[in-house]
1. How big is the Cα convex hull of region 170-238 in projection, averaged over all directions, in nm²?
2. Keeping all protein chains in place and using 1.4 angstrom, which order do T51, T18 fall into by accessible surface area, from largest down?
3. Magnitude of the Cβ-charge dipole of region 177-226, K/R +1 and D/E -1, about the Cα centre, nearest 20 debye?
4. Return an integer: the convex hull volume of the alpha-carbon atoms of the chain, in Å³ per residue.
5. With θ set to phi - 60°, apply the Karplus curve 6.51 cos²θ - 1.76 cosθ + 1.60 along region 199-210 and write out the HN-Hα couplings as whole Hz, x wherever there is a Gly or Pro.
6. Hey, what's region 73-115 come to in accessible area per residue, 1.4 Å probe, Å²?
7. If I stretch the segment between R80 and E167 completely, what's the gain in nm (0.36 nm per residue apart, minus their alpha carbon distance), one decimal?
8. What does the charge count around V61 come to, taking other residues whose C-beta lies under 12 Å from its C-beta (Lys +1, Arg +1, Asp -1, Glu -1)?
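The values are calculated or read from the model by the stated rules, or taken from the named source; none is laboratory data. The structure displayed is predicted, hence computed values, not measured ones. All Cβ positions, even for glycine, are placed from backbone atoms using ideal geometry, and neighbour counts span all protein chains on display. These accessible areas exclude ligands, DNA and RNA; they are computed on the full protein's heavy atoms, side chains included. Shrake-Rupley method; radii C 1.70, N 1.55, O 1.52, S 1.80 Å.
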Amino acid sequence: MVGMMLWEPSGHWTRPVTLKEVSVLHIRFLCARMAQDRRRNPLTERRRLRTAGKKLLRQRVEQVVLPAGASAEALPEGLRPVETLPLRRAIAADWCGELLRFRGENPAGARVLITADALSGEVVRTVTELALRHRYLILKVPFGGEELCRRLRREYGVSIVLNPETEREPASVHMAFDPTEAQGGGFLPLYDESLPLPRLLLPPEVEARLPEGLDRGQLLSVLWRTGALRPGQVSVQLEETENKGAVPEIRAFCP
């Protein structure tokens, strides 16, 4: 079972940390509810996070959804935050299209570069989705790309440039599944957990059932991985004026 940590007003609880099983979209979590320090003392809150983590570990919880803005440094050894990489890669094609839209580029005519150390299922799915939306795709993988390119050409009439020795023009977006040097105008390192996720929108009836105060990316990653969220239910949005956090998001991968 995956854990979650939630801050609660200190007046609601007699104990610093309590455990309770909760359900989100029919997925079970073991929730550690932590009484929030009225003075918001960082040391007190850090100790409380560690205490909650130890309680979850004793219940054999190994992964946890953290409170929004909380650092994983306070977690005890053996407990780790939920990975967001599967979700990042699931929304990669939409993220690419939204980035191009945000920058005012025509997605159909943009050059998109995909690099990876291996042709995994995630890479194949992303390349296939991109091939149906963008005219110019460049794929760089050490092996296995020939068959994928032949299949996409046969099924969809899409021609992909595979492992070019030289490139005449820089890519508009470079999507990297494994660590590499950034190329092109926009860089999406899909291996980097520290890169802020874009705004993720859900249907209102789904949104209303999510608890507040949690790291949204981690929570949605669990729900995606377990099938509680289905393809098409998560949409990507980049907003220039929506909030102050949006601009740093863009700068994180746009030189």
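1. The Cα convex hull of region 170-238, projected and averaged over all directions, gives 5.8 nm².
2. So, going from the largest accessible area down, we get T51, T18.
3. Charge dipole of region 177-226: 180 debye, to the nearest 20.
4. For the chain, the hull spanned by Cα atoms encloses 154 Å³ per residue.
5. Ordered by residue, 3J(HN,Hα) equals 5, 10, 9, 10, x, x, 5, 7, 4, 5, 9, 8 Hz.
6. Accessible area per residue, region 73-115: 38 Å².
7. 27.2 nm
8. Net of charged neighbours comes to +4.
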